[in-house]
Amino acid sequence: MIGRPVKRSLTLHGHRTSVSLEEPFWAAFRMIAQEKSKPINVLAAEIDELRGVDSGLASAIRVYVLAYYQTKAQEGA
């Protein structure tokens, strides 16, 4: 069971914001940041810069996590 989204604070470009993600997405997001040797706030800011105006930050992070692991799976196939 995934559970309810958990709200956490991030700092993007010097401004605090809150993002709600399910715990498995937070765990995967932290692992990706660690693999890329980037603080989670830096990775979140990069995703924020790339997302469209029609997409919320939480949704953009979920899509980023999914795409990251899909790419890794394809590279391993």
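We did not get these values from a lab; they are worked out from the coordinates using the rules stated. Being a predicted model, the structure only gives us computed values, none of them experimental. When we count neighbours, we look across all protein chains shown, and the Cβ atoms used for this are built from the backbone with ideal geometry, even at glycine.
Structural remarks
- The stretch between E22 and K7, if pulled fully straight at 0.36 nm per residue, gains 4.5 nm over its current Cα-Cα span.
- Tilt relative to the chain, helix 57-76 - C-alpha long axis, 0 to 90 degrees, to 10: 20
- Here the label points at E75 and N41, each 7 Å from Cα along the C-beta direction, are separated by 2.7 nm in the simple model.
- Adding -39500 (n - 2.57) for every DSSP H run of four residues or longer, then dividing by how many residues the chain holds, sets the calculated 222 nm ellipticity at -18500 deg cm²/dmol.
- Helix axis angle, 23-35 relative to the chain longest principal axis, alpha carbon, degrees: 80
- Those trypsin sites (Lys or Arg not before Pro) in the stretch 2-56 that DSSP places in a loop and that have at most 16 other beta carbons within 10 Å: K36, R51
- The H on the amide N of E22, modeled in the peptide plane, is under 5 Å from the matching H of V6, each at least 5 residues off or on a different chain.
- Taking 14 Å as the straight-line reach from the Cα of K72, the aspartates and glutamates in range (excluding those fewer than 8 positions away in the same chain) are E35.
- More than 16 angstrom apart: percent of Cα pairs within the stretch 7-76: 46
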